[in-house]
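The values are calculated or read from the model by the stated rules, or taken from the named source; none is laboratory data. The model shown is predicted, which means the values in this text are computed figures rather than measured ones. FYI the Cβ positions are ideal-geometry reconstructions off the backbone, even for glycines, and counts take in every protein chain you see.
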Amino acid sequence: MNVALQRLKQQLKTARQRGVFVFAPESPDKRNELLKAIEQMVPGAIWFSDGDTRHKAVHRYRDALGQSHQQLVLDFQQLIHADALAALTGTVAGGGCIWLILPPQKTAFYDRFLASISSYDQVILVTQWKDLAEHLKALTHLKLPASEQPSLPSDAQQTAIDAMTAQPTITHLIVADRGRGKSTCLGLAIKQAGYHQQAPILVTASHPHAVATLIDHAAGGAQFRAWDRLLRDTSSYGAQLVIDEAAAIPLHILKLLQQHYRVWAVATTIDGYEGCGKGFALRFLTWLQDHTDCRQHRLEQPLRWSTADAVEPWLNELLLLKHPSLVCPPTPLAQYRWHYRHASELAEPLLHQVMTLLLEAHYQSSPNDLRLLLDDPKQMLGLVFSADDLIGVCWVAYEGPLDKKLHEPVLCGQRRIKGELLPQAIGFYRQQPQALNWRWLRIVRIAAHPQLRRHGIASYLLEQLAVAAKNDGIDAIGSSFGVTQEVEEFWRSSTLREIRRGQKKNMASGVVSAIWAVALRPEVHAVLNQLQRLQQAEQDWLQGKVPSTNLAIDDVIIPLLLGFTRGYLPFSNSRFAWWYLLHHRGDHATLKKLGAELFRPNVASSELAQIYQASSRFQFEQQLRHTISHYLNEHGYSD
């Protein structure tokens, strides 16, 4: 069998194509036998697993980007990680092989995976290990056409390199799919521009490994520096900078880098594992054009493998990585039609349209979204049509109620249950245990056709969703999202209201997150109404205003303070509640005794320890917990 594999490798190398072998072991014993056989057959492979700690963890797939491999093994024991599949497959060069071991669970995405294989000769389903030899022989008989190794730089690369060196003061955007030589292009441009080891240009990316190819081709003219270090090191502000794998860096970080450095070049993937695809490219390119002089260069031809390679079109079909341009329906629009469906019920063309709409609306979409929508019965889609045209989609998820035995661990912050965002966030951050008993419908994403916005499509989606949810016995509808002016304006026009806003900016979005919700039952409405009033009062206080709202002390203030005294919540989550209780009671003596700094929102919690001469923030909060606990006990609010 090893001889047959060597022959295949040689033929694949000559053709600059890749082979894929897919295994679906029927039992743990069969899987173990298979893994041992693969280890012996491809000993030098880069190996990822979500169950075997001897190998690299699948979720660390980004660590391998920026490198080129010949043999890749993906051992999926829990589920098919679609992001890792797309990303790591793109690191395998022509002549290499990909070995995929599927998980035991049969799901809709699993079935889609198997069904996609039959159309591609170089993607083989191996039902039994003993049959592999026959498959290897069959592949060698395909008579794959020889493909010459491309010369570097390619014509397209050289055109971009010449433009970059001729115009060093503008920002050059290198846009291409994976395997097109973006990093090589950047490295050769750095070399041609005359950068050298004594005076290198700064280069950043999501991970040092991501720029390995760039560094190699720059021949000593590039120095990697992590983007967070670049933003902290003000002494380097104004230096020239190159950004590789930009789609893997948060958009707000890219904007900060552009503001503080002279960004000479940015390379980004437009389709693929990042999942941000065209949505990211359009947003970032639009921002660049508005804020700086920039020029875009596209690299179309694959260099890591030949144009006849079957693996890329297979993955594009399987994961819906290539999104067609949306066609705008004729106006005026026909009467809207509403459908509520699971993704597994949709025909392929409609599923593709749904993913395209979601991608256009949200640049952080990823291949794993497709797997989740197909496999998780708690994920649903609200679809709105005009005649036969899909013009809007709402992705929702059922959450709650939580098992009673999980209530206490969730409320005290010991457990975080995946897929239960809303009940956990309200239960923990607002210390509202009743929220754990409710049935929630969380709006994950909502999207209207980009050319038909402000036609009331999203509002229609929300109206129909509320009717469907109420008929389904849902207690509340909610959503969690990063707060931007545009997004907030939309939600203010809906029936949902803000009931909590985070205090730390999300690393991916660069903004704080908020939870908005609307109740569908009277008793739930009473609670959410109080939480809305609490949120508004807290926001007023944070902005230096005196809240005019009277809050239910026992229902929303005391739970937050008890959550702090019990050690569940940090002081930052209970600071307003402490101020409000003292202010409401007119306890000016205690307010004066504690000091004004404690109740000034612009004084960070980390600074309070120094102000109050505590040895650490932990010690400061412990002392404060004792003080508040004693106060609550004295006034009849016993723990």
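Table for the structure above
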item	result
Residue identified as assigned to a loop (DSSP other than H, G, I, E, B) and crowded, with 20+ Cβ neighbours inside 10 Å among L402, L462	L402
Flag if P547 is part of a helix (DSSP H, G or I) and out of contact with any strand residue (DSSP E or B) (no Cβ under 6 Å at 6 or more places or on another chain)	no
Top-ranked residue of region 611-638 - restricted to ones that are of a type outside the set (S, T, Y) and closer than 11 Å to F564 by Cα, ranked as surrounded by the fewest Cβ atoms within 10 Å (Cβ to Cβ)	H626
Cβ-Cβ under 8 Å pairs, at least 6 apart or on other chains, region 232-246 side surrounded by 24 or more Cβ atoms within 10 Å (Cβ to Cβ), far side among the β-branched types (V, I, T) and assigned to a helix (DSSP H, G or I)	V242/I190; D244/V211; E245/V211
Qualifying residue in region 528-543 (condition: under 35 Å from the mean Cα position of the chain (by Cα), at pLDDT below 95 and within 30 Å of V467 (Cα to Cα))	no
Tally of residues being outside any helix (DSSP H, G or I) and within 23 Å of A108 (Cα to Cα) across region 49-72	3
Cβ pairs under 7 Å, 6+ apart, first in region 461-487 and in the same structural domain as N529 (by TED's automatic domain parsing), second of a type in the set (D, E, K, R) and assigned to a strand (DSSP E or B)	G478/R442; S479/R442; V483/R501
Test: residue in region 91-105 that is at positive phi and either touching a residue at least 12 places away in the same chain (Cβ under 8 Å) or touching a helix residue (DSSP H, G or I) at 6+ places or on another chain (Cβ under 6 Å) (or both)	yes
Extreme residue, nearest to T268 (Cα to Cα), among residues of region 200-215 that are β-branched (V, I, T) and touching a residue at least 60 places away in the same chain (Cβ under 8 Å)	V211
Search result, residues across region 616-639 that are within 41 Å of the chain's Cα centre (by Cα), part of a loop (DSSP other than H, G, I, E, B) and closer than 20 Å to V556 by Cα	D639
Matching helices (runs of 4 or more DSSP H) fully within region 306-376 where at least 2 residues are in contact with a helix residue (DSSP H, G or I) (Cβ under 9 Å, 6 or more places away or on another chain) and free of Cβ contacts under 8 Å to residues at least 60 places away in the same chain	348-361, 367-375
Flag for L188 being modelled with pLDDT of 95 or more, part of a helix (DSSP H, G or I) and touching a Leu at 6+ places or on another chain (Cβ under 9 Å)	yes
Residue count for region 465-521, restricted to those that are of a type in the set (D, E, K, R) and assigned to a helix (DSSP H, G or I)	5
Residue identified as among the hydrophobic types (A, V, I, L, M, F, W, C) and assigned by TED's automatic domain parsing to the domain that holds R283 among L173, L85, L102	L173
Selection count, region 151-182, where residues are crowded, with 17+ Cβ neighbours inside 10 Å and under 18 Å from S306 (Cα atoms)	11
In region 208-221, the residues that are touching a Lys or Arg at 6+ places or on another chain (Cβ under 6 Å) and either crowded, with 16+ Cβ neighbours inside 10 Å or under 23 Å from Y237 (Cβ atoms) (or both)	A218, G221
Residue count for region 40-93, restricted to those that are of a type in the set (A, V, I, L, M) and more than 27 Å from L303 (Cα to Cα)	4
One residue from D29, D63, D52 being surrounded by fewer than 19 Cβ atoms within 10 Å (Cβ to Cβ) and in contact with a His (Cβ under 6 Å, 6 or more places away or on another chain)	D63
L561 being touching a Leu at 6+ places or on another chain (Cβ under 8 Å), touching a residue at least 24 places away in the same chain (Cβ under 8 Å), surrounded by 21 or more Cβ atoms within 10 Å (Cβ to Cβ) and not in a loop (DSSP other than H, G, I, E, B)	yes
Verdict on V487 being β-branched (V, I, T) and more than 17 Å from G392 (Cβ to Cβ)	no
Boolean, Y568 is under 29 Å from the mean Cα position of the chain (by Cα), of a type in the set (F, W, Y) and in the same structural domain as Q622 (by TED's automatic domain parsing)	yes
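Residues are listed down the side, and each one gets a yes or a no for (1) closer than 18 Å to Q543 by Cα; (2) hydroxyl-bearing (S, T, Y); (3) in contact with a strand residue (DSSP E or B) (Cβ under 8 Å, 6 or more places away or on another chain):
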position	(1), (2), (3)
G567	no, no, no
R600	yes, no, no
S629	no, yes, no
E634	no, no, no
